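**Q** One structure coming up, written as structure tokens, with questions to follow.
Each value in this text was obtained by applying a stated rule to the coordinates, not by laboratory testing. Values in this document were obtained by computation on a predicted structure and should not be read as measured data. Glycine gets a Cβ as well: all are built from the backbone with ideal geometry, and neighbour counts include every protein chain shown.
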Amino acid sequence: MEGHALFASSSTSPAHAVASPGSRARRAAAVALCGALALLAGCGTRTELFATPDLADAGTTHPACDPTTQRCDVVDSGPCSSDLNIDVRNCGACGNVCPPDDACVAGVCTGCGDTCADGDSCCATISAATGASCVDTMTDVRNCGACGYLCSALDTCIDGECVPVPCPPGGCAKGLTCCFGGCVDTTNDLFNCGGCGTTCYYGGSCLNSRCPVTCNETLEQCSSAETCCRSGCANLLEDPNDCGGCGEPCPSGDVCVGGECFVACGDDAGTCAANQSCCSAGCTDTQTDSQNCGGCGVQCGATAHCAAGVCTATNDGAFDPTVNPTYLTPGVHTYSTITVPAGVTIYVAGGGALSGTLDLRATGAIEIDGTIDLSGGPGATSTLSSASVGSGSAGGGGFTGEPYATAALSPACAFVAGNPGQLGMAVSGTAGTCTVASTSACTASISATAALFAAPPAAYGGGGGVFTGYRAYGGGGGGAAGGAPGWPGTALATETDCSGATGGGGAAQGSGGAGGGAPYDGVAGVVGQTEYCSGTPASVGGGGGGSIGAAASADLAVSTTFQTGSAGGGGSADYTSQGVFGGTSGGGGAGGALELETPSTITITGKLLANGGAGGDAFVTTNCTSGAAGGGGSGGVIYLSAPSVSVSSSATISALGGAGGAKSSYATGGAGGAGGLGRIRLSVAQATCSISGTLRPPLGAAGCVPSTTGTAGAVYVGAYPN
């Protein structure tokens, strides 16, 4: 906004008239606004008639000029550019410069005296005869930024800059001020706080015309608990660089507590109390800390607590539930006595590394008249809403160790994968080169190649099924030796296939999980074709059964492998040749891991169960849309340890593998494979061992006689307390 001044004063130059750092930005915005609005010429400008005189040429006259108007500046293009009546640089004569704070009135340098307020300037008025007056060059349109700088008729003066008029012709409402951008309330406007152009950079607020207080002229605002130090805002009670006072740092590595420096102990701030020790995790009482019992690093474990510096078995009192069912969290529970009354069933519920596992310990007698059930959940059967339009749901997998839990069916779609089961050992299979399909959103497809997919590998229960109109693979079962997804037969010559879809442990193409041989291996699913179809029938393959795995079957004494079993795989199918849609079912979850331990007696008249979950049956129809079943989960493990164990004739202790899902009666294949056998381990004194109930696996011919090697497919008996 450059130009010339009408009236000038030697008091203030335009270079010093900017009120805030934002004025240059506002000035640029004003220029842009003028152009955007296509305003008349002169928008955003101010006019200055007198340029700086060339004193070497002072006194030059021109014959055509009036006696009071001379050309005092040789660089000026006009012959009569200086009015000697009002020009403070040529007052009365060329080169006669008025003193600071004076105006030129009628050719005489005239001051305003001491009448001007702070920040105002003494400028000549429009009529030279009226003399000089005090003006605010930040807002005066006739002296904008400095005396004599006149804004155009289209502008106003804001912060000493001529800017386009932003406010209504009638002016702003009462209580508002016309600033760049419009009418604002300067008492609370963030960008015009207390006056136009004053921006509050910190805190994002303007309160009562004041910006928040800042520290060291930075943008940092100190809280009520802080002091402004050279380094910035600091809490003198806890800042190690300003501890107790500004510029009072603590030694390197020390902490500031209450305004005093202390040596740090781990993550703790301050010195340890008299009854505490400094251990790796910080200050602690070694008399009560189970992680540092009696000394740093001495851990009591999950079944004990620290009392008087000694690890002591934790006892939750007597366990005698009356609510049916009763749910316990996974892991170890220690009681004085354990009694499960008839009619009450105990389940485990919860995730984590110990999911599907329940270790119940007592200091006194254990009596089970009711049921403790850690069997796997069943796989779910797929559904078919419409074969012609292609709508149905894929079956979900069963949960490991939770017989009441099965993954939800997928939404009804033309192409979708089933939800896998959960819980158990953190081992899952893989989808190989197959694309993993969504279990929650319908997948649109227009070709067999695009529709080729697999259900997600289970993490870590039974594998889910699929719903498709082409070729698709179920999910592999989770666990150390999960069952494979079903094998949908050899792909057609015109089809694209994928490979590598497996269960946990690597079982593929419908095979069961490997358990080191019978009876621990999972059984393979059956591949076959749908019947009563025209042309080439559809191909369906049942999921493989899960297994405890070779490591567990080699450890019948359960010395190192107290763990859940493995789940069954989901069914697979290929409906490409028929041009119809169908679904497959999910695999069963694995049996969990159950232990009962006491130095007293164990009496069983009820049931202890860790069976594998059954695979979901194939969907049955009378046409080519029959489905494929899921594989069964393997049995888990049941461990009883006491000097005296009595199992009555009415009792059942079982860790059988889950049955494979049944095939459709309108297909030659598609049945799921059964899960492999689990384990039972007894630690008991032979003289006080009485077993007459139903055990699966069964008690060996030697009965309660301790074994040194164990027999495959039978209960392992060890001498208590071994």
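**Q** Using a simple spin-label model with points 7 Å from Cα along the Cα→Cβ vector, what separation in nm is obtained for A493 and S336?
**A** So the two model labels end up 8.0 nm from each other.
**Q** Also, I was wondering about something else. Taking θ as phi - 60°, what are the ³J(HN,Hα) couplings along region 495-504 by the Karplus curve (6.51, -1.76, 1.60), each to the nearest whole Hz, with x for Gly and Pro?
**A** Going residue by residue, I get 9, 9, 10, 10, 8, x, 6, 9, x, x Hz, with x marking Gly and Pro.
**Q** Here's a follow-up. Rank by packing, highest mean first: peptides 132-139, 579-586, with packing defined as the count of other Cβ atoms within 10 Å averaged across residues.
**A** Those peptides, ordered most packed to least, come out 579-586, 132-139.
**Q** Pairs of alpha-carbon atoms within less than 8 angstrom and 6+ residues apart define the contacts here; what relative contact order does region 598-722 have, in percent?
**A** This gives 27 percent for region 598-722.
**Q** Could you pull out every residue, at least 5 positions away or on a different chain, whose amide H is within less than 5 Å of the one on V348? Hs are placed 1.01 Å off N in the peptide plane, and Pro or chain starts have none.
**A** Long-range HN contacts for V348: L328.
**Q** Could you list which residues have their amide H under 5 Å from that of G718, counting only those 5 or more apart in sequence or on another chain, with H placed in the peptide plane?
**A** L682, S683, V684, S707
**Q** Tell me, how many Å apart are the Cα centres for region 341-387 and for region 542-567?
**A** Rounded to whole Å, the Cα centres lie 18 Å apart.
**Q** I've got another one for you. Mind checking the full-extension length gain between S224 and T435? Use 0.36 nm per residue of separation minus the Cα-Cα distance, one decimal, nm. Provide the component values of the computation, followed by the final result.
**A** Values: separation 211, 0.36 × 211 = 75.96 nm, distance 5.82 nm.
Extra length from S224 to T435 when fully extended: 70.1 nm.
**Q** Moving on to the next point. Mind ordering 458-465, 669-676 by average Cβ neighbours within 10 Å, highest first?
**A** Numbers: 458-465: 43.0, 669-676: 36.4.
Going by the mean number of other Cβ atoms within 10 Å, highest first, we get 458-465, 669-676.
**Q** Would you mind computing, in nm to one decimal, how far apart the modelled labels at S648 and Q291 are, each placed 7 Å from Cα along Cα→Cβ?
**A** Taking the two extended label points, one gets 4.6 nm.
**Q** Using a 10 Å cut-off on Cβ atoms, rank the peptides 496-506, 411-421, 282-292 from the highest mean neighbour count down. It would help to have the intermediate numbers written out before the result.
**A** Working: 496-506: 22.5, 411-421: 27.6, 282-292: 17.8.
Output ranking for 496-506, 411-421, 282-292: 411-421, 496-506, 282-292.
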